[in-house]
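Before any comments, here is the structure.
Quick note: the coordinates plus some simple rules give every number you see, no bench work behind them. Bear in mind the structure is a predicted one, so any value in this text is a computation, not a measurement. Here the Cβ positions follow ideal geometry from the backbone for every residue, glycine too, while neighbour counts run over all protein chains shown.
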Amino acid sequence: MSTGSASSRIKPITLIGGYLGAGKTTLINRLLSQPEVPAGTAVLVNDFGDINVDESLIRSDSHNGTIIGLSNGCICCSISDDLSQALDQLNTLPIAQVILETSGVAEPARVWQHCHYPGFSPKAIVAVVDAANYHQRSQDKYVGPLVKSQTAQADLLVVSKIELNSCFQLDSLTPQLTNRDTKLFETILGWQRNGAQGAYESSAPLLPIFSAQTWYQDSPISRYSIEASLTALDSSVQRIKGWIETEAGVMQVDKVGSSLSIKPLKHHTKPRVLGLVFIFHVDPNTDSQNNPLTGWALAKTAS
Ligand SMILES: Nc1nc2c(ncn2[C@@H]2O[C@H](COP(=O)(O)OP(=O)(O)O)[C@@H](O)[C@H]2O)c(=O)[nH]1
Ligand SMILES: [Mg+2]
């Protein structure tokens, strides 16, 4: 329930969407480090897997402000109650606006519907488009419809990883900036959806089925062997993230498409959990014996 004067003003929610690994968390971290960001900006982060990787990354980069992680499911399909609870919690705090990172498998139009909530109002959808992977993924027979609907439903597109594909162009009428743009943060924070536009169209029947599984690490592992195992995984595995302990210390692991990064933790703090979240798409026509993670000791599933 709402209490106090802090909650008497309707608080706008800016959605930051885009596919798995597009660069949403990176963008939010950069945004929070800007002096233009007003005090009282709260961040909600929806991680599809059951480890709050993104919440921890944002928390370790930005030292103040309210950050709430919503994990183990996607707020557009399975954990909208968690979003309501988080908004109730924010309603009791002196916040001015909310930035919501959707999960990479979310359809922004559906999350938008959940943001019409007492004390809050959705403001705009910003989609991050990955210049290195967008074209390939948008053509993929499993994930393509979702990838395209995420950009089609946006009010503003932010193109990331442009240095990896400087010729990238997106044939779309939606306003576009790159994540290098000097006016990026003012534009994102100032952007307001045109109220005259109709309701967003959800393309729900086209959504692919995703699964998230977690491998919890119980003893240190050689960096070489984990690198080899992660590189060998099937292309249905769309995203891997988390932390592992190797002979050289704790590493942050990030895999987007075929691009794998294993690097020492930036902040020298040991994460609460050591493990990796794997997000992969499931072909509805194949059975579970074709799980691309067979052989890994996995636990806990979100889908
Ligand atoms: N080269 C490059 N890498 C980026 C850029 N933005 C994000 N990344 C990397 O892409 C990976 C996924 O980024 P992240 O922000 O976690 O994506 P999210 O899953 O959409 O939140 C990380 O390894 C980032 O360091 C960019 O503009 N250029
Ligand atoms: Mg993220």
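Taking each pair of distinct Cα atoms in the chain once, what is the resulting Kirkwood hydrodynamic radius in Å?
Numbers: mean 1/r = 0.0505 Å⁻¹.
Taking the inverse mean of 1/r over all distinct Cα pairs, the chain comes out at 19.8 Å.
Could you work out the relative contact order of segment 5-205, using alpha carbon pairs under 8 angstrom and six or more residues apart, expressed as a whole percent? Don't jump to the answer; show the numbers that get you there.
Numbers: 379 pairs, mean separation 54.1, N = 201.
Rounded, it is 27 percent for segment 5-205.
Which ³J(HN,Hα) values in Hz, rounded to whole numbers, follow from the phi angles of segment 241-247 under the Karplus curve 6.51 cos²θ - 1.76 cosθ + 1.60, where θ = phi - 60° and Gly and Pro get x?
8, x, 9, 9, 9, 10, 4
How much length is gained on full extension from K266 to Q89, taking 0.36 nm per residue of separation minus their Cα-Cα distance? Please report the intermediate quantities before stating the final value.
Details: separation 177, 0.36 × 177 = 63.72 nm, distance 3.01 nm.
Result for the pair: 60.7 nm of gain on full extension.
Select from C115, C74, C167 the residue whose mean-square fluctuation is largest in a Gaussian network model of the chain (Cα-Cα springs shorter than 10 Å).
Ranking C115, C74, C167 by mean-square fluctuation puts C167 first.
So what's the angle, to the nearest 10 degrees on a 0 to 90 scale, between helix 80-91 and the longest Cα principal axis of the chain?
Its long axis makes an angle of about 50 degrees.
Between Q192 and W296, 0.36 nm times their residue separation minus their Cα-Cα distance comes to what? Show your work: numbers first, answer last.
On the way: separation 104, 0.36 × 104 = 37.44 nm, distance 4.50 nm.
Length gained, Q192 through W296: 32.9 nm.
Students often forget the sequence filter, so: which lysines lie under 25 Å Cα-Cα from K241 once same-chain residues fewer than 8 apart are removed?
K241 reaches K24, K141, K148, K161, K255, K263, K266, K270, K300.
All other residues with a Cβ under 13 Å from the Cβ of L100 taken together, and with Lys, Arg as +1 and Asp, Glu as -1, what is their net charge? Don't skip to the answer; put the middle values down first.
Details: positive: K11, K24, R110, K123; negative: D47, D54, E55, D82, E101.
Net charge around L100: -1.
Using a cut-off of 13 Å between beta-carbons, work out the net charge of the residues near L184 (Lys and Arg +1, Asp and Glu -1, L184 not included). Mind dumping the intermediate values first?
Values: positive: R30, R180, K183; negative: E36, D181, E186.
Spelling it out: positives minus negatives among the neighbours equals 0.
Among DSSP bridges having both ends in the chain, what percentage is antiparallel? Round to the nearest 5. Kindly include the intermediate steps, with their values, before the conclusion.
On the way: 33 of 63 bridges.
Counting only bridges with both partners in the chain, antiparallel ones make up about 50 percent.
Rounded to the nearest 0.05, what FRET efficiency do L173 and H116 have when you use their Cβ-Cβ distance and R0 = 22 Å? Don't skip to the end; give the middle numbers.
Details: r = 26 Å, r/R0 = 1.17.
Plugging the Cβ-Cβ distance into 1/(1 + (r/R0)^6) gives 0.30.
Which residue fluctuates the most in the chain, going by a Gaussian network model with Cα springs under 10 Å, if the choices are I16, I28, I209?
Taking springs between Cα atoms under 10 Å, the residue moving most is I209.
Mind sorting T26, T187 by how few other Cβ atoms lie within 10 Å of their own Cβ, fewest first? Let's see the in-between values first.
Details: T26 19, T187 15.
Ordered from fewest to most neighbouring Cβ atoms within 10 Å, T26, T187 come out as T187, T26.
Tell me what the chain gives for mean residue ellipticity at 222 nm when only DSSP H runs of n ≥ 4 count, each as -39,500 (n - 2.57), the sum divided by the residue total, rounded to 500 deg cm²/dmol. Walk me through the intermediate numbers first.
Details: 8 runs with 67 residues, N = 303.
Result for the chain, helices only: -6000 deg cm²/dmol.
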